[in-house]
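Asker: Can you keep this structure in mind? I'll have questions shortly.
Bear in mind these aren't lab numbers, they're just calculated from the coordinates by the rules spelled out. All of these numbers come straight from a predicted model, not from anything done at the bench. All Cβ positions, glycine included, derive from the backbone under ideal geometry; neighbour counts span all protein chains shown.
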Amino acid sequence: MNKSEIRKDYFKNNFVIIAANRFKRPHKIVEPEIEVGKICYFCPENFREKTITYEDKNEQGDWEIISFLNDFPVVSLDNPKSYGQAEVIIETRKHGMDINEFSVEHIIRVFEAYINRYLELSNTDGIKHV
């Protein structure tokens, strides 16, 4: 398995991440309306075994906003050449919704999730940029 690397582009004088394993990630775009029999990578049954990093539940105990480790990260905590943590934040469990369709309360909770993950990652030793 080739690991990612952060390399300097001396011509442009900036840094880039080379992530050889990202080609394995799914490239299929999930349409807002899920067809029967098609896989939605963001449905609970498809990330049940993942490492959850944040969860905001409703009154019934079901998650409304959730974050978990990315299966195809560009950076990882076990790679000193490309050190970091990549996560996926799912802003709602309802398919096909855009943020402009969320209630104001839900939008606030989404921002709280991003703030939580930002603060958590910025306090992780060795992570310099979030």
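Asker: For segment 62-110, run through the trypsin sites (Lys or Arg not before Pro) and keep only the ones in DSSP coil with at most 14 other Cβ atoms within 10 Å of their Cβ. Walk me through the numbers before you get to the answer.
Answerer: Values: sites: K81, R93, K94, R109; in loops: R93, K94.
Filter output for segment 62-110: K94.
Asker: Distance check, please: which entries in K8/K128; K57/K128; K12/K128; K50/K81 exceed 19 angstrom between their Cα atoms?
Answerer: Values: K8/K128 17 Å; K57/K128 30 Å; K12/K128 21 Å; K50/K81 24 Å.
From K8/K128; K57/K128; K12/K128; K50/K81, over 19 Å: K57/K128; K12/K128; K50/K81.
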